[in-house]
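Colleague: Sharing a structure with you now.
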Amino acid sequence: MENDKKDKKDKKDTDVVILVDTSILLKIFESKKDLFELLKEKILKNNVVFLVLKEVYDELLKLSKGNSNKALNAKTALKFLNTLKKQKSLKILDEPLNYSYNYTDDIILEYASKNNFPIFTQDFGLVKKAKQKNLKVYYYKKKGVIGD
């Protein structure tokens with residue numbers, strides 16, 4: 001009986017890992033909403049770990065060059081990632097995955113497929129591809145975070 005309670009608690013307390021795409025990181029600062037918190041509320045889990053692939057981080061670094069609005073959002077997103085990393089609610093993979101793809105979206109899809117991780121994105125092309133692969137995907141609409 002006591003082991004049953006422990007097993008249920010362990011399942012509930014298990015970290016939920018969600019892959020994060022560049023587009024949702026930029027959307028956070030466009031929308032001025034804490035989309036990560038909205039997602040946690042949506043899935044009813046406090047122990048969510050957001051995972052950023054090296055390729056996504058590198059994409060943000062490239063976008064952060066210059067003074068455009070997108071560059072400023074990318075710079076802010078990089079600072080935000082470092083804050084979340086310090087709080088232990090985000091992990092950034094330090095090494096590229098070396099998949100034979102040219103596009104970050106394809107790398108995200110492959111990694112999500114291999115690890116059965118959901119994806120958090122604002123890229124509706126990526127949403128469509130994820131759905132085709134039967135992957136769980138979350139995105140933001142004005143009414144909140146949507147999950148399919």
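Colleague: Restricting to the range 129-143, give me the number of residues that are surrounded by 11 or more Cβ atoms within 10 Å (Cβ to Cβ) and either of a type in the set (S, T, Y) or assigned to a helix (DSSP H, G or I) (or both).
Modeller: Summing the residues that are surrounded by 11 or more Cβ atoms within 10 Å (Cβ to Cβ) and either of a type in the set (S, T, Y) or assigned to a helix (DSSP H, G or I) (or both) in the range 129-143 gives 6.
Colleague: Next question. Are there any helices (runs of 4 or more DSSP H) wholly within the range 19-90 with 1 or more residues that are surrounded by 16 or more Cβ atoms within 10 Å (Cβ to Cβ) and at pLDDT below 90, and if so which?
Modeller: Counting at least 1 such residues, we get 22-31, 35-43, 69-86.
Colleague: Can you report the number of residues in the range 21-32 which are free of Cβ contacts under 8 Å to residues at least 60 places away in the same chain and more than 14 Å from the chain's Cα centre (by Cα)?
Modeller: Result for the range 21-32: 3.
For every residue, the table says whether it meets (1) in contact (Cβ under 8 Å) with a residue 40 or more places away in the chain; (2) among the hydroxyl-bearing types (S, T, Y); (3) within 26 Å of K33 (Cβ to Cβ).
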{"residue": "I108", "(1), (2), (3)": "yes, no, yes"}
{"residue": "S113", "(1), (2), (3)": "no, yes, no"}
{"residue": "T121", "(1), (2), (3)": "yes, yes, yes"}
{"residue": "V127", "(1), (2), (3)": "no, no, yes"}
{"residue": "L135", "(1), (2), (3)": "no, no, yes"}
{"residue": "Y138", "(1), (2), (3)": "yes, yes, yes"}
{"residue": "K142", "(1), (2), (3)": "no, no, yes"}
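Colleague: Working only within the range 92-106, note down all residues that are buried (at least 16 other Cβ atoms within 10 Å of the Cβ), in contact with a Lys or Arg (Cβ under 9 Å, 6 or more places away or on another chain) and either assigned to a helix (DSSP H, G or I) or of a type outside the set (A, V, I, L, M, F, W, C) (or both).
Modeller: D105
Colleague: Among (1) over 21 Å from K142 (Cα atoms); (2) under 12 Å from the mean Cα position of the chain (by Cα), where does D106 come up short?
Modeller: Only one criterion in (1) over 21 Å from K142 (Cα atoms); (2) under 12 Å from the mean Cα position of the chain (by Cα) is unmet by D106, namely (2).
Colleague: Tally time: how many residues in the range 90-109 are more than 14 Å from L51 (Cα to Cα) and either of a type in the set (G, A, S) or touching a Phe, Trp or Tyr at 6+ places or on another chain (Cβ under 7 Å) (or both)?
Modeller: 1
The values are calculated or read from the model by the stated rules, or taken from the named source; none is laboratory data. Since the model is a prediction, treat every value here as computed from it, not as a measurement. Please note: Cβ atoms are built from the backbone with ideal geometry, for glycine as well, and neighbour counts cover all protein chains shown.
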